[in-house]
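Colleague: Shown below is the structure under consideration.
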Amino acid sequence: MKIDPWSSKSYQDYTRLRDEFGIQAFTEDCWKDLPSPHRLFRRGVVFGQRGFEQIHDAILNNKPWAILTGLMPSGRMHLGHKMVIDEVIYYQSIGADVAIAVADIEAYATRNMTLAMAKKLAIDEYIVNYIALGLKPERCRIYFQSQNQDVKDLAYLLGRKVNWSQLVATYGFDGGTNLAHVFAPLVQAGDILHVQLPQYGGVRPTLVPVGVDQDPHIRLCRDIAQDFRLYSILKTKDDRIGVFVKVDERVSELLDNAEQAVKRLGFSQLKRITEYKALYIEDATEANIGAIDAALAVTEPSFGGYGFLQPSSTYHRFITGLTGDKMSSSKPESSIFLTDTPQDARKKLMNAKTGGAATKEEQLRIGGKPDECIIYELYLYHLLESDAELQQLHDSCRKGTVLCGACKKRAAELLDALLLDIQKKRMGAEEKIPLYFHNPQC
């Protein structure tokens, strides 16, 4: 399988994607002890993760952590886009520092957008809606890639650890790919990692919630972060935990620093072999690697390094478009846009595909198929907060005790209320935008 971050392709076999690309399952253990777990977690919409244990630990132990997300200003904001900001708002409510990148450089490179067009679309279609949906200015910073010099400088520096063969293997670039497009993944890596620079909060766990189509960016960024570390912490072939210095300068000082750091964690059985640039921690186990890595990461900037922790990620399923394909801004008939009038949205919804039987009589006899129904997906993702109500709806459909017409009518009423609420809260949101671009707490 191939994942293309710039494709409109819809992915269905999420288990195969997990297995083939090494994505770990986002199981109940990942979220059950988080404060008021989000409906997208409870319902399996968020299905995969990389490195979420760092975020889980930070949340439960009140440690600093960050969210980095981005928006691609190339089309109108629809319910598929709303999923990510719903997650971000939840994470903000439980302590995350939020940074949002407006990917105007990427839109210029891959979507034929001018920077001016991207700016207008980002504000009118996304940022105003983010504010209406409940994103708070506290612990939040929004920026444009083209205007953040730190991100662009970091992207250039990160490029030293990436070669053309790696980009070809990851993205399928060829001789016809324009160089702005080639540079776009490095800018994304700059977006993700810059939140760990001292001026943006320092070394800390960082979560990037995305659709699975963005996993190539995550994999590349995790590799880059690891390549820029001064230390690596590994389990050796003889089952020992070793700290290894990756550079040739100041080796003794770095080993001294490592000894002090692991002693502060409570480890005492240490064996140092300077000529191998190694420190073995005899009383550590594989379960301790994460804590040791984090303790060393925060010390690396004092030696001229970055100390980047590999970014964590979560992956959500795509919501199906009203026509049965992926919901897409380029296909207005497939999407419910947040700026749609209730009348337009209702018309689209009433024409949408369902999981009902061919006739009323057949549905009463054998029931419907909610798991194949686009309308049921709208309830699951956006329209019903109560799990009990959702289960009742699911069971009623399966038994044939609720028909598609009634189900669509109820969905249309809930969608009307949602859109009217968003549109009401959009009024006055524009004047709040400077709070998100110039927040001194960020």
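Colleague: Looking at the chain as a GNM with Cα springs under 10 Å, which of 198, 342, 209 has the largest mean-square fluctuation?
Modeller: Ranking 198, 342, 209 by mean-square fluctuation puts 198 first.
Colleague: Among the lysines, which have Cα under 18 Å from the Cα of residue 246 when same-chain residues fewer than 8 positions away are ignored?
Modeller: The reachable lysines, counting only those whose Cα sits under 18 Å from residue 246, are 161, 235, 271, 277.
Colleague: Would you mind putting 23-29, 283-289, 247-253 in packing order, based on average other-beta-carbon counts within 10 Å, highest first?
Modeller: Highest to lowest by the protection proxy: 23-29, 283-289, 247-253.
Colleague: Taking the Cα centre of each part, how many Å lie between the range 16-39 and the range 58-118?
Modeller: Cα centroid of the range 16-39 versus Cα centroid of the range 58-118: 20 Å apart.
Colleague: Another question, if that's okay. Near residue 331, which aspartates and glutamates are there with a Cα under 20 Å away, not counting those fewer than 8 places off in the same chain?
Modeller: Hits, sequence-local ones excluded: 4, 124, 125, 213, 340, 344, 377.
Colleague: Also, I was wondering about something else. Where does the charge balance sit around residue 351 when Lys and Arg score +1, Asp and Glu -1, over other residues with C-beta under 15 Å from its C-beta? Before the final figure, lay out each step's value.
Modeller: Working: positive: 331, 346, 347, 348, 353, 408, 409; negative: 325, 333, 340, 344.
For residues surrounding residue 351, the net value is +3.
Colleague: Let me ask another. Tell me whether the range 128-250 comes out rounded, prolate or oblate; compute the Cα gyration tensor, take square roots of the eigenvalues as a ≥ b ≥ c, and use a/c under 1.5 as the rounded threshold. Could you put the intermediate results ahead of the total?
Modeller: Working: a/c = 1.82, a/b = 1.28, b/c = 1.43.
In terms of gyration-tensor shape, oblate.
Colleague: While we're looking at this one, here's another question. Which of (i) 23.6; (ii) 21.8; (iii) 22.4 is the computed Kirkwood radius over Cα pairs in Å for the structure on display?
Modeller: (i)
Colleague: Hey, how many Å between the Cα centroid of the range 365-442 and the Cα centroid of the range 130-186?
Modeller: That distance is 32 Å.
Colleague: Among all the lysines, which ones have a C-alpha under 26 Å from residue 32's C-alpha, if same-chain residues fewer than 8 places away are not counted?
Modeller: 63, 82, 136
Colleague: Also: What order do you get for 423-433, 374-384 when each peptide is scored by the mean count of other beta carbon atoms within 10 Å, highest first?
Modeller: With the highest mean Cβ count within 10 Å placed first, the list reads 374-384, 423-433.
Colleague: Further question: Treat the count of other C-beta atoms within 10 Å as a stand-in for reagent exposure and order 125, 275, 361 from fewest to most. Walk me through the numbers before you get to the answer.
Modeller: Working: 125 21, 275 6, 361 10.
Result, fewest neighbours first: 275, 361, 125.
Colleague: Grab the other residues whose beta carbon is less than 12 angstrom from that of residue 227, score K and R as +1, D and E as -1, and report the net.
Modeller: On the way: positive: 160, 161, 222, 229, 246; negative: 223.
That sum, taken over residues with Cβ under 12 Å, equals +4.
Colleague: Size of the dipole of the chain about the Cα centre, Lys and Arg at +1 and Asp and Glu at -1 on the beta carbon, nothing else charged, in debye to 20?
Modeller: Numbers: 54 positive and 56 negative charges, 176 e Å.
With only Lys, Arg, Asp and Glu charged at Cβ, the dipole is about 840 debye.
Colleague: Considering only DSSP beta bridges where both residues belong to the chain, give the percentage that are antiparallel (nearest 5).
Modeller: Of all bridge pairs located within the chain, approximately 55 percent are antiparallel.
Colleague: Residues with beta-carbon under 10 Å from that of residue 67, excluding residue 67: net charge, scoring Lys, Arg +1 and Asp, Glu -1?
Modeller: On the way: positive: 139; negative: 87, 97.
Value of the local net charge: -1.
Colleague: Another one. For the range 13-91, rounded, prolate or oblate, judged on the Cα gyration tensor with a ≥ b ≥ c (square roots of eigenvalues), a/c < 1.5 rounded, else prolate if a/b > b/c? Please report the intermediate quantities before stating the final value.
Modeller: Numbers: a/c = 1.64, a/b = 1.16, b/c = 1.42.
Verdict is oblate for the range 13-91.
Each reported figure results from applying straightforward, stated rules to the coordinates on display, with no laboratory input. Note that the structure is a prediction, hence the values are computed from the model and not measured. Cβ atoms come from the backbone with ideal geometry, glycine included; neighbour counts cover every protein chain shown.
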